[in-house]
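K.L.:
I have a structure I would like to understand better, so I am pasting it below and will then ask my questions one at a time.
Readers should treat all values here as calculations from the given coordinates under stated rules, not as data from a laboratory. These numbers were taken from a predicted model, which means no experiment stands behind them. Here the Cβ positions follow ideal geometry from the backbone for every residue, glycine too, while neighbour counts run over all protein chains shown.
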Amino acid sequence: QNVKKYFPITAGLMLKTVGNVKAVDEVTLTLKEGETLGIVGESGCGKSTLGRMIMRVLDTTEGKIIFNGQDITNLEGKKLRRIRSQFQMIFQDPYSSLNPKMSVEQIITEPFYVNGIASLKEAKKKVGPLLTRVGLKESDRTRFPHEFSGGQRQRIGIARALALNPKLIVADEAVSALDVSVQSQILNLMMELKEEFDLSYIFISHNLAVVKHISDRVGVMYLGNLVEIGDKDELYQNPFHPYTKALLSSAPEPKRNVKKEKIILQGEVPSPANPPTGCPFHTRCPKVMDVCKEIRPVLKEVNPHYSVACHLYQ
Ligand code: SF4
Ligand code: MG
């Protein structure tokens, strides 16, 4: 709810704060149980920062994180750890997120001690079934991350994420480092596991095709703002926001031979240290109006459960 993350910019010997990088500038969204919400946007739009705040590994500057009706924004210590065992994260680079000195068994059992949940003996019992469920072999437990391919390493990352029976998984560019053929295997595995383990996903990616494949709903971010959010099919077929339209027009359509009109945006994404007044997209928007330069549009429902932040629709 109204979540912001500002990183201070400091200068001089006294490290005086001279400004802020507005990485996330007020985002409100809801994830329903059992749902996959895709968050899409170009690099630097704040989507990873948002994911990390939701996971409570990064504090919010303002706003609230609410999980199952409980405000967890300021939980700390044991209370935070207890709740955090219900969230897990899967990262882009399964190699750097897996400790190279730990065996697969150690990697998968580690979350149990970190959260003080099971004895070593109990934790070890879970390793075999988890490995086979993600498509690896029980005997892989004694091997080390460098012995596996990128896709297999991501399977280990998924097994580790599942170990504590989480409710929510935040996947940040989880397949972006993988070959395209391996990407779909991992996405399909994640979709199967979601049903089996009653998971909910927040799936963060710059890749529109990947987000389309896995998501039920999609949110589009631009310069720290959520500009459009709603049903996946509706968003991909008939987007409202001028930025979403441009973003989708530039994405390749591999399967169809449809010629799309490509909307070329002028200029660069402004710096989040000095974002434009009014609508964050006004410096590049083909539909810009006077009001856009002064007043920031808020997310408003344009269809049931479908919201857009743009003056064209207010
Ligand atoms: Fe474009 Fe104005 Fe809509 Fe922003 S509010 S996206 S500048 S039309
Ligand atoms: Mg990122």
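K.L.:
Using θ = phi - 60° and the Karplus relation 6.51 cos²θ - 1.76 cosθ + 1.60, list the HN-Hα couplings for segment 10-22 in order, rounded to whole Hz, with x at every Gly or Pro.
P.N.:
10, 8, x, 5, 7, 6, 5, 6, 10, x, 9, 8, 8
K.L.:
What number, rounded to the nearest 500 deg cm²/dmol, is the helix-based mean residue ellipticity at 222 nm of the chain, given -39500 (n - 2.57) per DSSP H run of at least four residues and division by all its residues?
P.N.:
-9000 deg cm²/dmol
K.L.:
Another question, if that's okay. Between Glu195 and Asn207, with labels modelled 7 Å along Cα→Cβ, what's the label distance in nm to one decimal, could you check?
P.N.:
2.2
K.L.:
Hey, another quick one. If the only charges are +1 at each Lys and Arg Cβ and -1 at each Asp and Glu Cβ, what is the size of the charge dipole of segment 1-106 around the Cα centre, to the nearest 20 debye?
P.N.:
Roughly 360 debye, rounded to the nearest 20.
K.L.:
At 20 °C and 1.002 mPa s, grab the translational diffusion coefficient of segment 41-100 from Stokes-Einstein with a Kirkwood Rh over Cα pairs, rounded to a whole number in µm² per second.
P.N.:
164
K.L.:
For segment 191-240, what does the relative contact order come out to in percent, with C-alpha contacts under 8 Å and a separation of six or more?
P.N.:
Answer for segment 191-240 is 22 percent.
K.L.:
For each pair in Lys47/Lys232; Lys32/Lys137; Lys5/Lys262; Lys101/Lys125; Lys47/Lys78; Lys101/Lys126, compute the distance between the two Cα atoms and list the pairs where it is over 24 Å.
P.N.:
Lys32/Lys137; Lys5/Lys262; Lys47/Lys78
K.L.:
In Å and whole numbers, how far do the C-alpha atoms of segment 18-131 stretch along each principal axis, longest first?
P.N.:
49, 34, 31
K.L.:
Could you put His206, His146, His282 in order, starting from the residue whose Cβ has the fewest other Cβ atoms within 10 Å?
P.N.:
Listing His206, His146, His282 from fewest to most nearby Cβ atoms yields His146, His206, His282.
K.L.:
Toward the positive end of the charge dipole of segment 155-201, about the Cα centre and with charges on Cβ (Lys, Arg +1; Asp, Glu -1), which of Ala163, Met190, Ser200 goes farthest?
P.N.:
With unit charges placed on the Cβ atoms, the residue in question is Ala163.
K.L.:
Cα-Cα pairs above 19 Å in segment 105-171: how many percent?
P.N.:
Beyond 19 Å sits 26 percent of the P(r) for segment 105-171.
K.L.:
Right, here's the next one. Starting from the Kirkwood radius over alpha-carbon pairs of segment 57-195, derive D by Stokes-Einstein at 25 °C in a medium of 0.890 mPa s and give it in µm² s⁻¹.
P.N.:
In µm²/s, the coefficient rounds to 155.
K.L.:
For the pair His146/Glu301, report the inter-label distance in nm, with labels modelled 7 Å from Cα in the Cβ direction.
P.N.:
Each label point is offset 7 Å from its Cα along the Cβ direction, giving 5.6 nm.
K.L.:
Taking every DSSP beta bridge that has both residues in the chain, what percent is antiparallel when rounded to the nearest 5?
P.N.:
If I count the DSSP bridges inside the chain, around 55 percent turn out antiparallel.
K.L.:
Which of Arg296, Arg82, Arg56, Arg155 has the fewest other C-beta atoms within 10 Å, and how do the rest follow up to the most?
P.N.:
Ascending Cβ contact count within 10 Å gives the list Arg82, Arg296, Arg56, Arg155.
K.L.:
Still on this model: So which cysteines in the chain don't have a second cysteine's C-beta under 4.7 Å from them?
P.N.:
Cysteines of the chain left without a disulfide-compatible partner: Cys45, Cys285, Cys310.
K.L.:
Using only alpha carbon pairs under 8 Å that are at least six residues apart, calculate the relative contact order of the chain and give it in whole percent.
P.N.:
Normalised by residue count, the contact order of the chain is 20 percent.
K.L.:
Just name one of Met89, Ile65, Ser119: the one whose Cα is farthest towards the positive end of the charge dipole of segment 57-119 (beta-carbon charges, Lys/Arg +1, Asp/Glu -1).
P.N.:
Ser119
K.L.:
Follow-up question, since we're still on this one. Once you charge only the Cβ atoms, +1 for Lys and Arg and -1 for Asp and Glu, what is the size of the charge dipole of the chain about its Cα centre, to the nearest 20 debye?
P.N.:
580
K.L.:
Is segment 124-249 best put as rounded, prolate or oblate by its Cα gyration tensor, with a ≥ b ≥ c the root eigenvalues, rounded for a/c under 1.5, and otherwise prolate when a/b is larger than b/c, oblate when not?
P.N.:
Verdict is prolate for segment 124-249.
K.L.:
Quick one: among Lys64, Lys47, Lys137, which has the greatest mean-square fluctuation in a GNM of the chain with alpha-carbon springs under 10 angstrom?
P.N.:
Lys137
K.L.:
Angle check, please: helix 180-196 long axis (alpha carbons) against the longest principal axis of the chain (alpha carbons), in degrees 0 to 90, nearest 10.
P.N.:
The two axes meet at around 70 degrees.
K.L.:
Determine the relative contact order of segment 1-72: mean sequence separation of Cα pairs under 8 Å and six or more apart, normalised by residue count, in whole percent.
P.N.:
36
K.L.:
Can you give the Kirkwood hydrodynamic radius for the chain, in Å, rounded to one decimal and based on Cα pairs?
P.N.:
Kirkwood hydrodynamic radius for the chain: 20.9 Å.
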